[in-house]
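*Asks:* For reference, the structure I am asking about is given below.
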Amino acid sequence: MDTEELRDYLKENSNIENLFTSKCLQYLTEKNNQRSLDKRWPQERIDREAANMYYKFLVNIHDKISSNFKGLAKHNPNKWRHFISVNEMLDQLEESVVELDFE
């Protein structure tokens, strides 16, 4: 499973992307409001930054899961789904994101 397939799987089966992006947007907006008016980012930049932060988070998750597979199994989406399900990773990831605090 590649990163995009994992993103699609998480989006279809969990609320991780929405939770993470919501927290990112809140953090980035608060940080942006602390800047002087002439240095504030437009909303489009805040949205892009939040999307980039989620993508980095997703790549990190992908890399950690990928390290549990060898050879061709790294590319088999069914093995990934089974691994994620058996290890209850969706629940763990959602809990982690809920507890996540950007500093």
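*Asks:* Figure the gain on full extension for Lys79 and Gln43 (residue separation times 0.36 nm, minus the Cα-Cα span) and round it to one decimal in nm.
*Replies:* On the way: separation 36, 0.36 × 36 = 12.96 nm, distance 3.92 nm.
Between Lys79 and Gln43, full extension yields an extra 9.0 nm.
*Asks:* Then there's this: Taking the solvent-accessible surface of protein heavy atoms with a 1.4 Å probe, what is the per residue accessible area of the chain in Å²?
*Replies:* I get 68 Å² per residue for this part.
*Asks:* Out of these labelled values of Cα extents along the principal axes in Å, (i) 52, 23, 21; (ii) 52, 30, 14; (iii) 99, 28, 26, which was calculated from the coordinates shown here?
*Replies:* The value computed from this structure is option (i).
*Asks:* Oh, and also: What residue among Gln26, Gln34, Gln43 shows peak mean-square fluctuation when the chain is described by a Gaussian network model with Cα springs under 10 Å?
*Replies:* Gln34
*Asks:* For the chain, compute the number of Lys pairs whose alpha carbons are separated by less than 28 Å, excluding pairs fewer than 8 positions apart on the same chain.
*Replies:* Lysine pairs meeting both conditions in the chain amount to 21.
*Asks:* For the chain, give the percent of accessible area contributed by carbon and sulfur heavy atoms, probe 1.4 Å, rounded to a whole number.
*Replies:* With neighbouring chains kept in place, the figure for the chain is 47 percent.
*Asks:* Considering only DSSP states other than H, G, I, E and B, which trypsin sites (Lys or Arg not before Pro) in segment 8-70 qualify as loop sites with at most 15 other Cβ atoms within 10 Å?
*Replies:* Answer in residue order: Arg35, Arg40, Lys70.
*Asks:* Is segment 1-41 best put as rounded, prolate or oblate by its Cα gyration tensor, with a ≥ b ≥ c the root eigenvalues, rounded for a/c under 1.5, and otherwise prolate when a/b is larger than b/c, oblate when not?
*Replies:* Prolate shape, in that a/c is at least 1.5 and a/b is the bigger ratio.
*Asks:* Let me ask you something else. Any idea how far apart Glu95 and Gln26 come out in nm if each label point goes 7 Å out from Cα toward Cβ?
*Replies:* 2.0 nm
*Asks:* So how far apart, in nm, are the two label points at Glu4 and Lys70 if each is 7 Å from Cα heading toward Cβ?
*Replies:* Each label point lies 7 Å from its Cα, and together they span 3.0 nm.
*Asks:* Further question on the same structure: Taking 0.36 nm per residue of sequence separation and subtracting the Cα-Cα distance, how much length would be gained by fully extending the chain between Ser36 and Asp63, in nm to one decimal?
*Replies:* 5.9 nm
The values are calculated or read from the model by the stated rules, or taken from the named source; none is laboratory data. It should be emphasised that the depicted structure is a prediction, and the values quoted were computed from it without experimental measurement. Heads up, the Cβs are rebuilt from the backbone with ideal geometry, glycines too, and the neighbour counts pull from every protein chain shown. Note: accessible area is taken over every heavy atom of the protein model, side chains too, but ligands, DNA and RNA are not part of it. Shrake-Rupley method; radii C 1.70, N 1.55, O 1.52, S 1.80 Å.
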